[in-house]
Amino acid sequence: MPTDTMNPATAVTWGPFIQAAYDQFASDPGQSNLAAVKHMPAGYTLVRTIQMSDFFGTAQSLVFYGFVAVGGDPKTAVVALRGTATAVGMVR
């Protein structure tokens, strides 16, 4: 079991990726497969979007949930998943 504790500086580093995923969804919820992510942190490139079907309700279309990006120094892969704004979003 890891003994490392959460480093606040690390959280600040990765937070913009999560914000970019949420901002992307909020700006165009109907778009699931993007060519670019708005507000992608500088120095990182989109590799793939993450799409899933909501399991709540009858609609089973794909929805944007996040992305995989690569970049930085040293080169790092980042998986960023958007958060939710409502209780209904958490159920989905």
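Taken as a whole, the structure places PHE25 among residues that are outside any loop (DSSP other than H, G, I, E, B), modelled with pLDDT under 95 and surrounded by 13 or more Cβ atoms within 10 Å (Cβ to Cβ). Would you confirm whether or not the range 52-63 contains a residue that is among the β-branched types (Val, Ile, Thr) and touching a residue at least 12 places away in the same chain (Cβ under 8 Å)? Yes; the residues of the range 52-63 include at least one that is among the β-branched types (Val, Ile, Thr) and touching a residue at least 12 places away in the same chain (Cβ under 8 Å). Looking across the range 3-49, the residues that are touching a strand residue (DSSP E or B) at 6+ places or on another chain (Cβ under 8 Å) and aromatic (Phe, Trp, Tyr) come down to TRP14, PHE17, PHE25, TYR44.
Modelled with pLDDT under 80, more than 14 Å from the chain's Cα centre (by Cα) and in a helix (DSSP H, G or I): does that describe MET90? When the stated conditions are applied, MET90 passes them. Looking across the range 30-49 at every residue that is modelled with pLDDT of 90 or more and among the hydroxyl-bearing types (Ser, Thr, Tyr), the one that is surrounded by the fewest Cβ atoms within 10 Å (Cβ to Cβ) is identified as THR45. Only one of the listed residues (MET1, MET52) is modelled with pLDDT under 90 and under 15 Å from the mean Cα position of the chain (by Cα). That residue is MET52.
The values are calculated or read from the model by the stated rules, or taken from the named source; none is laboratory data. What you see is a predicted model; the values in this text were computed from it and never measured. In this analysis, Cβ positions are derived from the backbone assuming ideal geometry, glycine residues included, and neighbour counts consider all displayed protein chains.
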